[in-house]
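These notes concern the structure reproduced below.
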Amino acid sequence: MSVKTVSEAKRIPTVVTFLEMKARPPVLPPPQPKSKVAILKAEHPPVHFYRYLYDAIGRDYYWVDRKKRSDAEIAELLKNPGMEIYVLYADGCPAGMAEMDYRETNAAQLAYFGLMPEYIGRRLGFYFLYQAVMNAWSKPIRKLRVNTCTLDHARALPLYQRMGFVPYTREERYIELP
């Protein structure tokens, strides 16, 4: 049995796949989910609400980048007009989040996308992703990017590809836990 040092225990290897689409996807709209759903843009969300969404959705997938930022840094990010947060609600409860980054000219990045654990498997992922992608293409962009890694949900990469995203590179990385 090997003994890991503290620094080794805080590094998790992963492979990141970078994907993009250069035109509105030709996929047909998914059917409306059977549950009561709504997608709302979070206008000036408080930091604690953003952290709640980020932590609840990303906990099982080692989402840590935003955890390393201070509340003041998150507040500045949320105030930036090039950042938009969309929240999927199902039966009145937060069920997912899509964080869109429009700060680069003519491009958008789906920075974070996911569902709360209790809403996975309810056929909401493709519906929510479709809405997020169509919303992005309603803006003056020429490409939309997203990345996923081997630590994300096993269906993340196939879902992005089904939507029309095309992988353009892969990279081995380590996730540094806070």
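Worth a mention:
- Among the residues of segment 21-38, those that are surrounded by 10 or more Cβ atoms within 10 Å (Cβ to Cβ), among the hydrophobic types (A, V, I, L, M, F, W, C) and within 22 Å of residue 108 (Cα to Cα) comprise 21, 23, 27.
- Taken over segment 97-144, the criterion of being within 18 Å of residue 45 (Cα to Cα) and among the hydroxyl-bearing types (Ser, Thr, Tyr) is satisfied by 102, 112.
- Here is the figure for segment 148-172: residues that are within 16 Å of residue 133 (Cα to Cα), aliphatic (A, V, I, L, M) and surrounded by 15 or more Cβ atoms within 10 Å (Cβ to Cβ) total 4.
- Qualifying positions in segment 39-81 - open to solvent by 90 Å² or more (accessible area, probe 1.4 Å), among the aromatic types (Phe, Trp, Tyr) and in a helix (DSSP H, G or I): 52
- Condition met for residue 144 (hydrophobic (A, V, I, L, M, F, W, C) and over 22 Å from residue 64 (Cα atoms)): yes
- Those residues of segment 85-110 which are more than 16 Å from residue 56 (Cα to Cα) and either open to solvent by 10 Å² or more (accessible area, probe 1.4 Å) or in contact with a Ser or Thr (Cβ under 8 Å, 6 or more places away or on another chain) (or both), in sequence order: 91, 92, 101, 102, 103, 104, 105, 106, 109
- A Cβ distance below 9 Å, combined with a sequence gap of six or more or placement on separate chains, defines the contacts here; from segment 82-104, residues that are hydroxyl-bearing (Ser, Thr, Tyr) and in a loop (DSSP other than H, G, I, E, B) reach residues that are at pLDDT 95 or above and open to solvent by 30 Å² or more (accessible area, probe 1.4 Å) in the pairs 102/81; 102/109; 102/139.
- Matching option when the condition is farther than 22 Å from residue 24 by Cβ, of a type in the set (Asp, Glu) and either touching a Pro at 6+ places or on another chain (Cβ under 9 Å) or modelled with pLDDT of 95 or more (or both), among 99, 172, 104: 172
- Identity of the residue in segment 128-144, surrounded by fewer than 19 Cβ atoms within 10 Å (Cβ to Cβ) and touching a residue at least 60 places away in the same chain (Cβ under 8 Å), that ends up nearest to residue 164 (Cα to Cα): 130
The values are calculated or read from the model by the stated rules, or taken from the named source; none is laboratory data. Worth saying up front: this structure is predicted, and the values here are computed from it rather than measured. Don't worry about glycine lacking a Cβ; one is built from the backbone with ideal geometry, like all the others, and counts go over all protein chains shown. In case anyone asks, the SASA skips ligands and DNA or RNA and just uses the protein heavy atoms, side chains included. Shrake-Rupley method; radii C 1.70, N 1.55, O 1.52, S 1.80 Å.
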